[in-house]
Structures are given as structure tokens and as C-alpha cells.
1. Does SER75 count as at pLDDT 85 or above and surrounded by fewer than 12 Cβ atoms within 10 Å (Cβ to Cβ)?
2. Just the residues that are within 25 Å of the chain's Cα centre (by Cα) and in a loop (DSSP other than H, G, I, E, B), please, taken from region 23-33.
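The values are calculated or read from the model by the stated rules, or taken from the named source; none is laboratory data. What you see is a predicted model; the values in this text were computed from it and never measured. Please note: Cβ atoms are built from the backbone with ideal geometry, for glycine as well, and neighbour counts cover all protein chains shown.
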Amino acid sequence: MKIWLRLCALLATTVVLNACGGIPVSTDYDPSWHLPQPATFAWMEPPKRQLSDPLVDNDLIARRVHRAVGEQLESRGVREATPEQQPDLLATYHIGEEEKLDVTSFRSNFGYYPCWHCFGPGFDSDIWVTQYTEGKLVIDLVDAKTKQLVWRGSAARRLPNFRTPEQRDAYIRETVTAIFKGFPPN
């Protein structure tokens, strides 16, 4: 009996740890670039988009992203430049969303109830198809002098059904924090 309890506890712990596995993040950077100390940044004008989704790309989201990126850079010693200062880095971001399908195939019943294989043991197959929206956030840091991209971090994750502005804010902060986890690279 104790072994079953231990196995159940181990299984529950494994499930919880896998659920908290983190946000999948991708980063790329110029290995010859080094973050100057002390460093400053300014926001770069985003490129004009021909097709922009107002549900994703709007002033409310922009302020949330700016605030979260600013907090992450500040925590790493990169201060926002004053208007009369020449910044070391220019920051910008790209945001979007895409509809996705999640298809899961698995064996369900052993075959006795409901009685699909009444004349012998067998497994039934089930397929679950779930449609969801994936949000994507890309953050770029550009060397202000050379105008060359020096660091890029991105994350793509399932968008929850937001009910409040606080939930949207928490989601963006969580995503930006995950993206900046390995910054600066050197």
C-alpha cells in the first residue's frame, strides 16, 4: 500500500513540475557584442505595419510591453536614456498571434465498456482536436551606433482567455521576464 502512495505522490509531483516547465523561449545574439557598463537604452520607432491586428497591436499592449521590458533592462543595470543622452541600445518589439490546432491521439478503452471489441480484447482510439490562439512576442535590441541587431529574444505561447487588464499585464510581464532570463548573454 505504501508503494502505491509513493508512486502516486511521484506521479503527482512529475505532473506539477512538467506543468511549471516554463515558457519556451528562443534567443539569438552577436557573440562579439558586449553590453557596455553602464548602459542606456531608448525605444526605437516601430516599423509601420501594413496589416496590424488591433486586438493584439494597440496602445494598451504597447505600454505593457514597454513597462515590462524597461523593468527587465533596469534590473540588469541598463537605464532608460534621458532625451539629451545618446543611448547605447535601441529597443523594439514585434507582436502577433496565430490560430493553431492541437491534435492528440490516444488509446482509450480496453474494450469491455463500452463494448467495442466484445469478441476479444482490444483498444479503442480517440482523437482530440483543440483550436487555440498562440501569442508571439519578439524583443530586439539594436546597437545605437551601428544600427545592427545585437540581441533578439522571442517567446510563443498559448493565449489564455483574459478577463481583466491585470491578467493581461501579468501575462506580458511573465513572458518578458522569461525572454530576458539569459540577458545579457556574455
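1. Values: at pLDDT 85 or above: yes; surrounded by fewer than 12 Cβ atoms within 10 Å (Cβ to Cβ): yes.
It is true that SER75 is at pLDDT 85 or above and surrounded by fewer than 12 Cβ atoms within 10 Å (Cβ to Cβ).
2. Applying the first criterion (within 25 Å of the chain's Cα centre (by Cα)) to region 23-33 yields 23-31, 33.
Of everything in region 23-33, those that are within 25 Å of the chain's Cα centre (by Cα) and in a loop (DSSP other than H, G, I, E, B) turn out to be ILE23, PRO24, ASP30, PRO31, TRP33.
Residue by residue, here is whether (1) modelled with pLDDT of 85 or more; (2) part of a loop (DSSP other than H, G, I, E, B); (3) under 24 Å from ILE61 (Cα atoms); (4) touching a His at 6+ places or on another chain (Cβ under 9 Å) holds:
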site: LEU90; (1), (2), (3), (4): yes, no, yes, no
site: TYR93; (1), (2), (3), (4): yes, no, yes, yes
site: PHE110; (1), (2), (3), (4): no, yes, no, yes
site: ILE127; (1), (2), (3), (4): no, no, no, no
site: GLY135; (1), (2), (3), (4): yes, no, yes, no
site: LYS147; (1), (2), (3), (4): yes, yes, no, no
site: PRO160; (1), (2), (3), (4): yes, yes, yes, no
site: GLN167; (1), (2), (3), (4): yes, no, yes, no
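Residue-by-condition table, conditions (1) modelled with pLDDT of 90 or more; (2) basic (Lys, Arg); (3) touching a strand residue (DSSP E or B) at 6+ places or on another chain (Cβ under 7 Å):
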position: VAL25; (1), (2), (3): yes, no, yes
position: SER52; (1), (2), (3): no, no, no
position: ARG64; (1), (2), (3): yes, yes, no
position: ARG67; (1), (2), (3): yes, yes, no
